[in-house]
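Comments concern the structure below.
The values are calculated or read from the model by the stated rules, or taken from the named source; none is laboratory data. Quantities reported herein were computed from a predicted structural model and do not represent experimental measurements. Methodologically, a virtual Cβ is constructed for each residue, glycine included, from the backbone with ideal geometry; neighbour enumeration extends over all protein chains shown. Just so you know, the surface numbers come from the protein's heavy atoms only, side chains and all, with ligands and any DNA or RNA stripped out. Shrake-Rupley method; radii C 1.70, N 1.55, O 1.52, S 1.80 Å.
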Amino acid sequence: MAGSPRTDPGTGRAHPGRRVLAAAAVAAALVAVPGVPASAGPLHTPRPVAPPRLVPAPASLRTLPGVSFTLTRHTRIVARPGSGTAGSYLAGILRRSTGYPLPLTASGGSRDVISLGLSGREKGEGYRLDVTRASVRLEAGSAAGLFRGVQTLRQLLPPAVESPTVRPGPWTMPGVAVQDSPRFAWRGTMLDVSRHFFTVKQVERYIDLAALYKINTLHLHLSDDQGWRIAINGWPRLAAYGGSTAVGGGKGGYYTQADYKAIVRYAADRYMNVVPEIDGPSHTNAALASYAKLNCDDKAPPLYTGTEVGFSSWCIAKPVTYELLNDVLGQLAEMTPGPYLHIGGDEAHSTTPADYATFIGKLGPIVAKHGKKMVGWNEIGAGKIAPGSVAQYWNTATGSEDGTQTARDAVAQGAKVVMSPANRAYLDMKYDESTPLGQDWAGLIEVRDSYEWDPAALVDGVAEKDVLGVEAPLWSETLVTNDDIDYMAFPRLPSIAEIGWTPQSQRTWSDFRVRLAAQGPRWSVMPVHYYRSPQVPWPTS
Ligand code: IFG
């Protein structure tokens, strides 16, 4: 039909007459551009491409259709001064799986290069990542931001890039412009090394897995009824005897102070803060069994290998209790560069409320004397705590155990809250009735349950400004091996990591489950022994 132009219902643009369309089609066919499939439509507007499936989702990402960057054996990595460990960490991963030399220099050209550098434009852990045909550029306000950006860069490469051995390419990344920064400052996971002991290597492996998802805090639960796991100078029996067993009566273990420093250094190289926890006044049987004088009746109880909680208590009235804790927290403070010491405070069922308040009142000054801020489970809100302390909200049970009131009491004293709701974030909870590992006292937590909640809208009286962040505790009553850790932590730790990082308004389960599915092939390559939740559309290949 000649004459009157119709508007295209799809684009709203004037629809050219039939003749003009035919000519354009011929022109397109004659000038095919290598790499752009003929079916890409008119040359000047390549089809929009689906955004890469990243976890956590960046705050903002623009795809550059028709643009990609391919690593080759000639590609170089430039890590400008001040860029910290990100360049060497990235080089290690890429060299291992591509087999390419990927030389790392402090300066270099702008083509066929992955460049990392500080810029005044980003702050905190924020970064921007630009992938074009010529180069990959990562800029951040800090070395930590560059390290977080490297985790995004890794996920733009095929799953095989995570292989511990050389795989064939191609190693192509889609063109993107990412501008990213985290919602919360504290994005953590806790490893319970007391109920079952995990070696330094096992902890380092868990650190690397958590670092993939921009986790920046590792809370180590170092003492409990079943095991004391850190050597303390002047109190040798704590680790030697108190660390000699575990749940079920098996072999225990403990970290020498050199071991603990190695873990701290390994975490620091991944811009992850270690928060050591010495739990009390309950969860203290291993220590009480180690020194009779720590007990009110001067009688040491036997070592405990069961899984009950709340039956033990420091002797609140004895000065030796605070002499011990001053030594323990002082030595940990010296070995811990991060600002926090965790003093536990949970489930003090064998301590009177008055004694509990006395205990918390005494611990705050000890922690402050050693230059640190006090962290405790939400119960610490029942005691007097300093502004800037941190209450870790965990107990979602109803009735007397309900932790919301002590969380509010803590906020009323100027504390911040780290959200670890047991019915959402406890990685030791079973996925469903058939899960062979874990517990179910807080409920069953399938992947969707671990994802669909907002830390700033969970507890009345605890708003966004009061929330320091989120943390996923992995209690180890039923966990022994790396496979056990993997099965319970993956895929739910990435849920908590995204809640800590991505703006709430950008988080939907329907979108997350598709992006999470893309992590499956990456975990298979590493390998990570993850739970193939039926809620996630894992790729079949
Ligand atoms: N509650 C105890 C943990 C552990 C956990 C297992 C806290 C703060 C149950 N305290 O959670 O020691 O036993 O799910």
*Yes or no: Gly381 within 14 Å of the ligand (Cβ to nearest atom), farther than 19 Å from Pro276 by Cα, of a type outside the set (S, T, N, Q) and outside any loop (DSSP other than H, G, I, E, B)?*
yes
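Here is a check on your reading of the model: is Ala300 away from the ligand (no atom under 16 Å from the Cβ), open to solvent by 10 Å² or more (accessible area, probe 1.4 Å), in a helix (DSSP H, G or I) and not acidic (Asp, Glu)?
No.
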*Within the stretch 381-408, considering residues that are hydroxyl-bearing (Ser, Thr, Tyr) and in contact with a helix residue (DSSP H, G or I) (Cβ under 9 Å, 6 or more places away or on another chain), the one surrounded by the most Cβ atoms within 10 Å (Cβ to Cβ)*: Tyr393
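Confirm whether Arg532 is part of a helix (DSSP H, G or I), on the phi < 0 side of the Ramachandran plot and among the basic types (Lys, Arg).
Working: part of a helix (DSSP H, G or I): no; on the phi < 0 side of the Ramachandran plot: yes; among the basic types (Lys, Arg): yes.
So Arg532 does not fit the description; no.
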_Ala407 being within 13 Å of the ligand (Cβ to nearest atom), closer than 20 Å to Gly469 by Cβ, within 25 Å of the chain's Cα centre (by Cα) and aliphatic (A, V, I, L, M)_ = yes
*Quick check: is even one residue across the stretch 424-447 at positive phi, more than 16 Å from the ligand (Cβ to nearest atom) and buried (at least 21 other Cβ atoms within 10 Å of the Cβ)?*
no
*Provide a single number: the residues in the stretch 461-473 that are under 20 Å from Ser505 (Cα atoms) and open to solvent by 30 Å² or more (accessible area, probe 1.4 Å).*
4
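Return the only residue of Val309, Val375 being at pLDDT 95 or above, outside any helix (DSSP H, G or I), within 16 Å of the ligand (Cβ to nearest atom) and under 23 Å from Val264 (Cα atoms).
Values: Val309 fails: under 23 Å from Val264 (Cα atoms).
Result of the check over Val309, Val375: Val375.
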*Tell me which residues, restricted to the stretch 60-88, are of a type in the set (Gly, Ala, Ser) and either open to solvent by 40 Å² or more (accessible area, probe 1.4 Å) or more than 26 Å from Arg183 (Cβ to Cβ) (or both).*
Ser60, Gly66, Ser68, Ala79, Gly82, Gly84, Gly87, Ser88
*If you scan the stretch 211-236, which residues turn out to be within 30 Å of Asp130 (Cβ to Cβ) and either more than 18 Å from the chain's Cα centre (by Cα) or not in a strand (DSSP E or B) (or both)?*
Ala211, Leu212, Tyr213, Lys214, Ile215, Asn216
_Test set (1) touching a strand residue (DSSP E or B) at 6+ places or on another chain (Cβ under 6 Å); (2) open to solvent by less than 20 Å² (accessible area, probe 1.4 Å) - Ala456 fails condition number_ = (2)
*Which pairs have Cβ atoms under 9 Å, sit 6 or more apart or on different chains, and link a residue in the stretch 342-369 that is basic (Lys, Arg) and modelled with pLDDT under 95 to one that is in a helix (DSSP H, G or I) and within 16 Å of the ligand (Cβ to nearest atom)?*
none
*Filter the stretch 312-355 down to the residues that are more than 16 Å from the ligand (Cβ to nearest atom) and charged (D, E, K, R), then identify the one that is most open to solvent (accessible area, probe 1.4 Å).*
Glu334
_From the list Ala239, Ala267, exactly one residue is open to solvent by less than 30 Å² (accessible area, probe 1.4 Å), among the aliphatic types (A, V, I, L, M), within 22 Å of Val375 (Cα to Cα) and outside any strand (DSSP E or B). Which is it?_
Ala267
_Selected residue (criterion: farthest from Pro387 (Cα to Cα)) from residues of the stretch 448-480 that are within 16 Å of the ligand (Cβ to nearest atom) and in a loop (DSSP other than H, G, I, E, B)_ = Val480
